[in-house]
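The values are calculated or read from the model by the stated rules, or taken from the named source; none is laboratory data. Quick caveat: nothing in here was measured; it's all calculated off a predicted structure. FYI the Cβ positions are ideal-geometry reconstructions off the backbone, even for glycines, and counts take in every protein chain you see. Please note that ligands, DNA and RNA were not included when accessible areas were found on the heavy atoms of the full protein model with its side chains. Shrake-Rupley method; radii C 1.70, N 1.55, O 1.52, S 1.80 Å.
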Amino acid sequence: MNIGIIGLGLIGGSLALDLRSLGYQVLGVSRRDKTCQRAIERRIVDDASVNFSLLAAADVVFICTPLDLIISTLEQLIPHLSPTTIVTDVGSVKSPIVAEAGKIWPNFIGGHPMAGTAESGIDAAQSNLFMGKPYVLTPVENTTPDSVKIVGEIVRSLQAKFYLCRPEEHDQAVAWISHLPVMVSASLIDACLSETDVNVLELAQNLASSGFRDTSRVGGGNPELGVLMATYNQEQLLRSLFSYRQTLDRLITHIQKEDWSSLKDTLQKTQQARPEFLAAKDL
């Protein structure tokens, strides 16, 4: 089977690396010729080009571009595809992408691998990035059975934890566990910067250790990715932010009223619930 990868960054490059090692013929497309050459040098792909025409032989194509480029990339790709070619993406928001892509290519199925690192670019590509990590496919009513079957087999071959759900369910879920944490983490850093005593702020920066490092990590990431999450998943992100604000208000009330019993109840509940969010389960 020939597999095309558009966008040879961390996700696309890592996909290509694993799929090629599994025996697939992997064809890569990037905007930069330098990236194409590097992908060939590292043996991440069998061939690479800046031209979509390379993918005329592809049976399945993964679009691994930023969210705001997925649809325009698909539109540019279509003239080069066989009518039977299956196209999928790796975007972190599904509803708007799946709705639009399904109108212009019947063999499209939305996808989202929940994996990554803080690095980017072709040199960040690594083997086994998806092993043991959730990988979601989001078929809809008119998704072709072959698309679900074939892309599902590819996902399983990566030894990822394979999930199927509706696009809107996906977006609601990732709003809670991916997009909300970015905004909460960013607001934590922003709140710390509001300290007006320069000496106290400097001391806080010097004392910051693992707790602050863990809770602030995603808030210190790529600002463009955060804006794309908010743009494409606005409704669900706002829903989770409003709920978080209500929860935060309750904690403030407990502390203001010195209601230590209620505060302890909340902290005990969160302590018990946390493991359920950290142990991905096969469906």
field: Of all residues in the range 236-264 being loosely packed, with under 12 Cβ neighbours inside 10 Å and of a type in the set (Asp, Glu), the one that is farthest from Lys94 (Cα to Cα)
entry: Glu258
- prompt: Does the range 192-200 contain any residue that is touching a Lys or Arg at 6+ places or on another chain (Cβ under 9 Å), hydrophobic (A, V, I, L, M, F, W, C) and not in a loop (DSSP other than H, G, I, E, B)?
  reply: no
- request: Could you check, for the range 48-56, whether at least one of its residues is closer than 15 Å to Gly121 by Cβ, assigned by the TED database to the domain that holds Val87 and touching a residue at least 24 places away in the same chain (Cβ under 8 Å)?
  value: yes
- line: By residue number, the members of the range 10-45 that are open to solvent by less than 80 Å² (accessible area, probe 1.4 Å) and over 27 Å from Met114 (Cβ atoms) are Cys36, Ile40
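Name the residues in the range 15-38 that are closer than 20 Å to Thr73 by Cα and in a helix (DSSP H, G or I), would you?
Within the range 15-38, Leu15, Ala16, Asp33, Lys34, Thr35, Cys36 qualify.
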field: Enumeration of residues in the range 127-180 that are open to solvent by 30 Å² or more (accessible area, probe 1.4 Å), under 12 Å from Pro113 (Cα atoms) and in a helix (DSSP H, G or I)
entry: Arg156
task: Being of a type in the set (Val, Ile, Thr), out of contact with any helix residue (DSSP H, G or I) (no Cβ under 7 Å at 6 or more places or on another chain), in the same structural domain as Lys149 (by the TED database) and open to solvent by 60 Å² or more (accessible area, probe 1.4 Å) narrows it down to one of Thr73, Thr84, so name that one.
output: Thr84
Which listed residue, of Thr117, Thr65, is of a type outside the set (Gly, Ala, Ser), open to solvent by 40 Å² or more (accessible area, probe 1.4 Å) and either within 26 Å of Ala175 (Cβ to Cβ) or not in a helix (DSSP H, G or I) (or both): Thr117
